[in-house]
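Before any comments, here is the structure.
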Amino acid sequence: MSAIEIKAVGKSFGKTEVLRGISLSIHSGEFVAVLGPSGCGKTTLLRALAGFEPVDRGTIHIGNALLSGEGNHIPPEERGIGVVFQSYALWPHMSVAGNVSYGLRVKGIARKEREARTAKVLELVGLSEFAERRPAALSGGQRQRVALARCLAMDAGVVLLDEPLANLDVHLRGEMEEEFSRFHRESRATMFYITHDQSEALALADRVAVMDRGMISQFASPAELYSRPANEMVATFIGEGQLGAIEDFQPDRSGFGFARFFGEPVRLRCHPSAIARSSARVTFHPGDLRLTETGGIAATIRRITYRGDILRVELSAGPHHQTLFMNVPAPACIESGQRVAVTLADGWVLPDLTPEETLV
Ligand SMILES: Nc1ncnc2c1ncn2[C@@H]1O[C@H](COP(=O)(O)OP(=O)(O)OP(=O)(O)O)[C@@H](O)[C@H]1O
Ligand SMILES: [Mg+2]
């Protein structure tokens, strides 16, 4: 049984359809990230799950309980869901311990147990020594940890987080990513984590739901999204994916196929049920292009950007001067304006949208 079952959920604001038939089955204890461009409906989906927003169509279940849909709407406080907002939403007039134990008090939990649970979760997030401080006297990362501790204290089986790291600097983000992983391991809660930062989503989540204009483009593991994107949007949204046109695509039913890319023969990965096509699209990453001494695609180096262990090379390839990006291990003896030859070492042929090839 799924911890969270979202079925064909639709939601409109006025005439704008913001959620368009969202379906997701999330396992108990799973860490799911929802990734998508600004305005695609991520927060609206989280608010629908939390119960702040009734749905127009479809249903939301947690376990066997119907929370939203078919004329039902269970209010947020009865859903047993913890929510961590981007803005932390801490009470400024309460101490750290007061903020953490407030929900327990509302729930009617006796003082002794409240104090014991608060002390335990503050220790877990490394804030024991700050228990009596006010939120104003904490750093952004520490405030975020208070918000997490509050969730942890409530022992919520499902925790929703809306861009919890968006306000933090890069260094703190890294630390907090660790914190979320630890929180997940120790609480074994089902996590629903919204972000528009793909590195955060790929680093943290068991599975990532990529959202686009109110729909789910693909719901899969980070590795699957990276190497087998379901469509153009996912391909270009994840891992600096690039697109190219291929010709004479001949799949062999084992998940590989031959084609021509800039006129050169290439062997590519594809869906086992992919069908032969005179033209198709391939997606690949900058690391999939390699310099070669023999044959290959003729290209000119337009620009080289130093990135530490690699050089990011911008190429102009083929008669139409198509832009390609390639990674070359640094140091390398190349320069702008140089004519080079490259090969495509790996690529994924985007599924034609036949039912057999639908990966979602
Ligand atoms: N209460 C509302 N009334 C009207 N329109 C709304 C309301 N809430 C959200 N919208 C619209 O719904 C769309 C989706 O908004 P939502 O906040 O879910 O996006 P998001 O994916 O969370 O974006 P971001 O990454 O910028 O936070 C937007 O076009 C937004 O303007
Ligand atoms: Mg949002």
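Just so you know, all these numbers are worked out from the coordinates, no wet-lab data involved. Everything numeric in this text was worked out from a predicted model, so none of it was measured. Every residue, glycine as well, gets a Cβ built from its backbone with ideal geometry; the counts of neighbours run over all protein chains shown.
General observations
- Rounded to the nearest 20 debye, dipole of the chain from Cβ charges on Lys, Arg, Asp, Glu: 740
- Stokes-Einstein diffusion of the stretch 149-298 at 10 °C, 1.306 mPa s viscosity, Kirkwood radius from Cα pairs, rounded to a whole number: 88 µm²/s.
- Over the stretch 242-350, the fraction of Cα-Cα pairs per 5 Å bin, rounded to whole percents and listed from the shortest bin up, is 2, 13, 23, 23, 16, 12, 7, 4, 1.
- Calculated [222 nm] ellipticity per residue, helices only, for the chain: -7000 deg cm²/dmol; basis is -39500 (n - 2.57) per DSSP H run with n ≥ 4, divided by all residues, nearest 500.
- Dividing the convex hull volume of the alpha carbon atoms of the stretch 269-322 by its residue count gives 136 Å³ per residue.
- Within the stretch 88-212, the proportion of Cα pairs with more than 16 Å between them is 61 percent.
- Distance between the modelled labels on K7 and S87, one decimal in nanometres: 3.6 nm (7 Å Cα→Cβ projection).
- Gained length - D197 relative to N167, 0.36 nm times residue gap less alpha-carbon distance: 9.6 nm
- Measure of compaction for the stretch 1-119 (Cα Rg per 2.2 N^0.38 Å): 1.24
- 13 Å Cα-Cα reach of K120 towards aspartates and glutamates, excluding residues that sit fewer than 8 places from it in its own chain: E129, D155, E186
- Relative contact order (percent, whole number), the chain, Cα cutoff 8 Å, 6+ residue spacing: 15
- Where the alpha-carbon atoms of the stretch 2-232 are placed on the principal axes, they occupy 50, 41, 31 Å, in descending order.
- Hits among lysines - C-alpha to C-alpha of K42 under 30 Å, sequence gap 8 or more where chains match: K7, K11, K15, K107
- Normalised convex hull volume, the stretch 113-164, alpha-carbon set, Å³ per residue: 77
- Rounded to 5, percent antiparallel among DSSP beta bridges of the chain: 75
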